[in-house]
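Engineer: Got a structure for you, written out below as structure tokens; questions coming shortly.
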Amino acid sequence: MPVLGIISHIKEEFTVIKERDPAIKSPMEVLLYPSFRVMLSYRRAHKLYLKGRFFWARFISQRAARKTGIEIHPGATIGKGFFIDHGSGVIIGETAIVGDNVTLYQGVTLGGTGKRHPTIGDNVMISAGAKIIGSFTVGENSKIGAGSVVIEEVPPNCTVVGVPGRIVKRDNVKMPRSDMDQCHLPDPVKEDINVLQRENAELVNRVLDLEQAVRILSADAQKTK
């Protein structure tokens, strides 16, 4: 890559990383980010893969995986503005398609069996440890919670959490690329437990009222004898 091309790429990566990781303070720090290093290797390997030079494509990608802990198959298709925060343990399969402005955190897997791998829409955020398994689409502007296991289609503008992944919010118009909060997501299990607790308390109160009513009726019956 020509020097001007490298400088332009560094500036572009700095803009992307600065937008999503406030820890970065200077453009030169981009050179230290595993995401930046692995994407340089991926772009080279992908070009070789498209030309049918599969061995050298895999050679480059495997060398990058050893150095960064991020394994991206050279056959995967990745759009612009892609960012992996931290990155260790990330795996992206051969037939995965990733849109523009997508953010992944450590431990994410885009895997599957069979097109085999998922298609990730634009502006999607996939939190730490999430697994997207199968040949389906995660719609644009969606957010996948940490540790979730997603095994079926996700419509656009949704928030998914849990194992297996459940849609807990729809039409989330706030773009995940500008909202990197992985923590404050809805908890459907906790919400279900809270509902059960409220319903149980209501039932207990009703039983107590009925027992009180029975005692009153019993007492009245004794008086009339």
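Engineer: Any residue in the range 128-142 that is at pLDDT 90 or above sitting within a Cβ distance under 6 Å of a residue that is hydrophobic (A, V, I, L, M, F, W, C) and not in a loop (DSSP other than H, G, I, E, B)? List the pairs, counting only those 6 or more apart or interchain.
Structural biologist: From the range 128-142, the pairs are 130/144; 131/149; 132/110; 132/150; 138/120; 138/154; 139/154; 142/154.
Engineer: Taking into account only those residues within the range 183-221 that are modelled with pLDDT under 75 and open to solvent by 50 Å² or more (accessible area, probe 1.4 Å), which is nearest to residue 23 (Cα to Cα)?
Structural biologist: Only one residue fits best here, namely 183.
Engineer: Consider only pairs whose beta carbons are under 8 Å apart and that are at least six residues apart or on different chains; among these, list those whose first residue lies in the range 47-64 and is within 9 Å of residue 75 (Cβ to Cβ) and whose second residue is open to solvent by 40 Å² or more (accessible area, probe 1.4 Å).
Structural biologist: Listed by first residue and then by second, the contacts come to 57/49.
Engineer: Same structure again: Of the residues that make up the range 66-86, is at least one hydrophobic (A, V, I, L, M, F, W, C), open to solvent by 10 Å² or more (accessible area, probe 1.4 Å) and assigned to a helix (DSSP H, G or I)?
Structural biologist: No.
Engineer: Among the residues of the range 46-89, which ones are more than 26 Å from residue 128 (Cα to Cα) and of a type in the set (Lys, Arg)? Steps first, answer last, please.
Structural biologist: Going residue by residue through the range 46-89, those that are more than 26 Å from residue 128 (Cα to Cα) are 47-57, 59.
47, 51, 53 - these are the residues of the range 46-89 that are more than 26 Å from residue 128 (Cα to Cα) and of a type in the set (Lys, Arg).
Engineer: Among the residues of the range 121-143 satisfying the criterion of being hydroxyl-bearing (Ser, Thr, Tyr) and in a loop (DSSP other than H, G, I, E, B), which is nearest to residue 157 (Cα to Cα)? Even if it seems obvious, please write down each step before you answer.
Structural biologist: Of the residues in the range 121-143, the ones hydroxyl-bearing (Ser, Thr, Tyr) are 127, 135, 137, 142.
Going one step further and asking which of them are in a loop (DSSP other than H, G, I, E, B), we end up with 127, 135, 142.
Working: 127: 15, 135: 19, 142: 5 Å.
This residue is 142.
Engineer: Could you check the range 136-154 and list, in sequence order, the residues that are buried (at least 16 other Cβ atoms within 10 Å of the Cβ) and farther than 15 Å from residue 105 by Cα?
Structural biologist: Of everything in the range 136-154, those that are buried (at least 16 other Cβ atoms within 10 Å of the Cβ) and farther than 15 Å from residue 105 by Cα turn out to be 136, 137, 138, 139, 140, 141, 150, 154.
Engineer: For the range 87-115, name all the residues that are in a loop (DSSP other than H, G, I, E, B) and within 12 Å of residue 151 (Cα to Cα). Let's see the steps before the verdict.
Structural biologist: First pass over the range 87-115, keeping only residues in a loop (DSSP other than H, G, I, E, B): 87-90, 93-96, 99-102, 106-108, 112-115.
Across the range 87-115, the qualifying residues are 112, 113.
Engineer: Pick from 92, 84, 97, 60: which is touching a helix residue (DSSP H, G or I) at 6+ places or on another chain (Cβ under 7 Å), closer than 25 Å to residue 21 by Cα and aliphatic (A, V, I, L, M)?
Structural biologist: Working: 92 fails: touching a helix residue (DSSP H, G or I) at 6+ places or on another chain (Cβ under 7 Å); 97 fails: touching a helix residue (DSSP H, G or I) at 6+ places or on another chain (Cβ under 7 Å); 60 fails: closer than 25 Å to residue 21 by Cα.
Of 92, 84, 97, 60, the one residue that is touching a helix residue (DSSP H, G or I) at 6+ places or on another chain (Cβ under 7 Å), closer than 25 Å to residue 21 by Cα and aliphatic (A, V, I, L, M) is 84.
The values are calculated or read from the model by the stated rules, or taken from the named source; none is laboratory data. The structure displayed is predicted, hence computed values, not measured ones. All Cβ positions, glycine included, derive from the backbone under ideal geometry; neighbour counts span all protein chains shown. Protein only, heavy atoms only, side chains kept; ligands, DNA and RNA dropped before computing areas. Shrake-Rupley method; radii C 1.70, N 1.55, O 1.52, S 1.80 Å.
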